[in-house]
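**Student:** Below: one structure in structure tokens.
We did not get these values from a lab; they are worked out from the coordinates using the rules stated. Computed from a prediction, not measured in an experiment: that's the story for all the values here. Positions of Cβ are backbone-derived with ideal geometry, glycine not excepted, and every protein chain shown enters the neighbour counts.
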Amino acid sequence: MAKTLDWQSRIGRRVRLRDLHIFFEVAERGSMAKAGAHLGITQPGVSKAIGDLEAAVGVRLLDRTPRGVEATVYGRELLKYGGAAFADLREGIRSIENLADPETGEVRIGCDEIVVAGFLPAVIERFSARYPRVVLSLIHADTNSRGYAVLQERKADVTVASYPGYRRGDLTEAHRAEILYYDQACLAAAAHSSWARRRNIDFADLADAVFIMPPAQTAGANALSKVFHAAGLPAPRVTVTAYSVDARKILTSMADRFVVVLPASTLRFNAGPYPLKELPLELPAPPWPTVCVTLKNQTVKPAVERFIACAREVGSAMRKRLPEGSVEALSRQRTTKPR
């Protein structure tokens with residue numbers, strides 16, 4: 001039968017933060033001598049700290065090898081969970097510092113391609129005008145392949161991302177999610193193109209257009225194919241497919257013959273520097289939510305709360321533009337567990 005550690009007598013009283021800190025340094029540097037030199041502690045002092053920690057947890061945490069030292073299977077577990085505890089402790093100290101001066105600090109924002117191309121710059125402009133001493137750090141969050149890893153790894157304080165980029169099940173009870181606005185697919189062309197100059201236009205007029213599209217199976221690509229098929233038109237002639245919103249906008253602005261499928265937010269929040277005009281044609285694709293996500297078990301810093309408040313304000317402008325029925329229908333879906 002496995003031994004059960006007595007938390008109160010063996011862990012709560014005997015494990016010291018200093019010893020844990022020394023252990024993390026030794027494991028990272030692979031050498032007690034190097035860790036001691038970095039921390040300004042003698043090698044015997046490092047050895048004693050590691051010995052005290054191993055005695056407290058009752059297992060060997062480091063193996064001595066010809067190449068130095070490396071964490072045992074037990075040591076790797078302590079690094080994983082102890083590292084998260086230290087990350088929370090650092091955030092706690094930073095939060096205390098920010099409370100003393102709430103208009104300073106840093107907000108680390110995990111963000112995907114779609115929000116960077118439209119919504120997020122508008123939020124940053126508003127936030128930075130109000131709180132110029134807060135540093136905003138943008139961290140690429142590939143929500144399509146990695147979900148909310150930047151939050152789980154404590155690399156970001158908040159994630160702002162477009163719903164189509166999420167994998168099913170990524171949002172769990174550990175996440176706190178809030179819908180900021182609903183986006184939708186739209187068609188656009190260069191502002192100087194013949195398509196943009198027309199007062200009246202329908203899908204039949206686009207039969208000869210050359211399309212720049214997001215990848216197949218995305219909401220916009222599927223909707224365009226369906227509407228052409230329903231109208232009895234040949235399939236849209238596609239010359240470029242790209243996930244990158246900026247690439248689609250740049251290419252479309254370069255030539256009159258291109259029509260592009262884009263998230264509407266990228267035109268309404270960030271029209272320049274590419275002179276594009278949204279065409280008055282509605283794609284039959286349901287709006288999708290853009291959400292702000294934080295961790296429930298992580299303290300939200302005052303600067304982060306202020307950033308989220310600015311995001312709500314900017315998102316409200318987009319909500320007013322979209323059909324109420326669509327928004328109300330989607331708002332009944334739980335954002336904590338997409339189906």
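**Student:** How big is Rg to Rh over segment 7-94, alpha-carbon atoms, Rh as the Kirkwood inverse-mean-distance radius?
**Tutor:** Computed over Cα atoms, the ratio is 0.96.
**Student:** Between Arg90 and Thr65, what's the calculated FRET efficiency when r is the beta-carbon distance and R0 is 35 Å? Round to 0.05.
**Tutor:** 0.70
**Student:** As an exercise, use a Förster radius of 51 Å and the Cβ-Cβ distance of Ala207 and Ala149 to find the FRET efficiency, rounded to the nearest 0.05.
**Tutor:** Once the sixth-power term is evaluated, E becomes 0.70.
**Student:** May I pose another question? Working from the pairwise distances between different alpha carbons, so that the mean of 1/r is found and then inverted, what is segment 207-246's Kirkwood radius in Å?
**Tutor:** One over the average 1/r among Cα pairs gives 10.5 Å for segment 207-246.
**Student:** List residues of segment 101-127, by number, whose backbone nitrogen lies under 15 Å from a label position 7 Å along Cα→C-beta of Ser137.
**Tutor:** Backbone N within reach: 105-111.
**Student:** Among 40-52, 302-314, how do they line up from the highest to the lowest mean number of other beta-carbon atoms within 10 Å?
**Tutor:** My ranking of the peptides, most packed first, is 302-314, 40-52.
**Student:** Still on this model: Run the simple label-point estimate for Glu103 and Ala33 please: 7 Å along Cα→C-beta, distance reported in nm.
**Tutor:** It works out to 5.3 nm between the two label points.
**Student:** Using a/c under 1.5 as the rounded threshold, could you call segment 185-278 rounded, prolate or oblate? The axes a ≥ b ≥ c are square roots of the C-alpha gyration tensor eigenvalues, and prolate needs a/b larger than b/c, oblate otherwise.
**Tutor:** Cα axes put segment 185-278 in the oblate bin.
**Student:** For segment 106-155 and segment 240-303, compute the distance between their C-alpha centroids and round to whole Å.
**Tutor:** Result: 15 Å between the Cα centres.
**Student:** May I ask you to compute the full-extension gain from Arg237 to Ser128, defined as 0.36 nm times their residue separation minus their alpha-carbon distance, rounded to one decimal in nm?
**Tutor:** Stretched out fully, the Arg237 to Ser128 stretch lengthens by 35.0 nm.
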